Amino acid sequence: MILVSAMYLFIAFIYMPSGFYWSPDTGYKRIQADTINFSPFPNFAIRYTGQEIDPDFKFLPFAQMFHFVGNGEVRLTQTPIIALLSKPFIMIMGERGEIVVPLLAGLISVYFIGWITERSGFGPAWAAMLLAALGTPLIIYSTLFWEHTLTIALTLGAMILMERDILSDKHSLFAGILIGIVVCARKEMIFFAVMLAGVMTWKIFEEGEWRYLRAWRSAMLWGIGNAIVLAIYEAIIFAQSGYLVPPELRINTPPEFSADDRRVERREVIRHHRRQPLRDVDLDSPHG
């Protein structure tokens, strides 16, 4: 673990240049972090310096899928969890502070993988840690301003809690809260949450605990932990946008088109493209 930590620290703080952004996603997250203000609760509205001459937000410098306008304010669609957690480190360390949280989460993930591997009897912890640290995308995402390693660390933490004592009320509730945060941060992780709930139910039946109330109480507390986080998240989303559907899932369909209109339009575009050579396709069209 010391060897992996030294290698990750060297890559993050010495080898890699500071202030670079691998994709618009990471750059927009830095904008989120820079514009957070507390009054007293966190406000993630973007300070649009051109609002005085562009009050209708027609010329925003953000791609359509990365922003939305709600209550007269501009916000980015990405979940701001990594921006919020990284804000103190950016204030203290400047550009280098961006990768502190992803780096720590990546190293914690490596440690958790070793712990789970050894505890499960699949092999030595050191081998699993080296494989995870050097043979997976962890080594990449630990040096990027993104929430990927954070969600991995939280997910593994929830799995460890459930593995140690699946019938513990405290472990079940806390694991549910962790998984709820993971789903809010990365929407695709809802499939993992469903799978984990299925494994939890299967284990309760396998061990014959389904006859006892404590097993179902633990399962209920796991669900309550999920529900608490998701309810808070949905309340924030609704207050900011007026919709319960998270903006990154809703924003891909422009307001002037319904979902049905969009499907019809796509079919028409496909038929047009089949009849026209590729050189005639308008690649800049927002409807192509």
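The values are calculated or read from the model by the stated rules, or taken from the named source; none is laboratory data. None of the values given here were measured: they were computed from a predicted structure. Every residue, glycine as well, gets a Cβ built from its backbone with ideal geometry; the counts of neighbours run over all protein chains shown.
Quick notes on this structure:
- Subset of segment 47-84 that is in contact (Cβ under 8 Å) with a residue 12 or more places away in the chain and hydroxyl-bearing (Ser, Thr, Tyr) - its residue that is nearest to LEU249 (Cα to Cα): THR77
- Filtered residues of segment 28-46 (kept if touching a residue at least 12 places away in the same chain (Cβ under 8 Å) and of a type outside the set (A, V, I, L, M, F, W, C)): TYR28, LYS29, ARG30, GLN32, ASP34, THR35, PRO42
- Given (1) surrounded by 13 or more Cβ atoms within 10 Å (Cβ to Cβ); (2) over 19 Å from HIS148 (Cα atoms), number of the condition TYR15 does not satisfy: (1)
- Enumeration of residues in segment 154-170 that are at pLDDT 80 or above and out of contact with any Leu (no Cβ under 8 Å at 6 or more places or on another chain): LEU156, ILE160, LYS170
- Some residue of segment 135-153 being touching a Leu at 6+ places or on another chain (Cβ under 9 Å), more than 25 Å from PRO80 (Cα to Cα) and assigned to a helix (DSSP H, G or I): no
- Residues located in segment 90-116, provided they are under 23 Å from ILE2 (Cα atoms), touching a residue at least 12 places away in the same chain (Cβ under 8 Å) and not aliphatic (A, V, I, L, M): ARG96, GLU98, PRO102, GLY106, SER109, TYR111, PHE112, GLY114, TRP115
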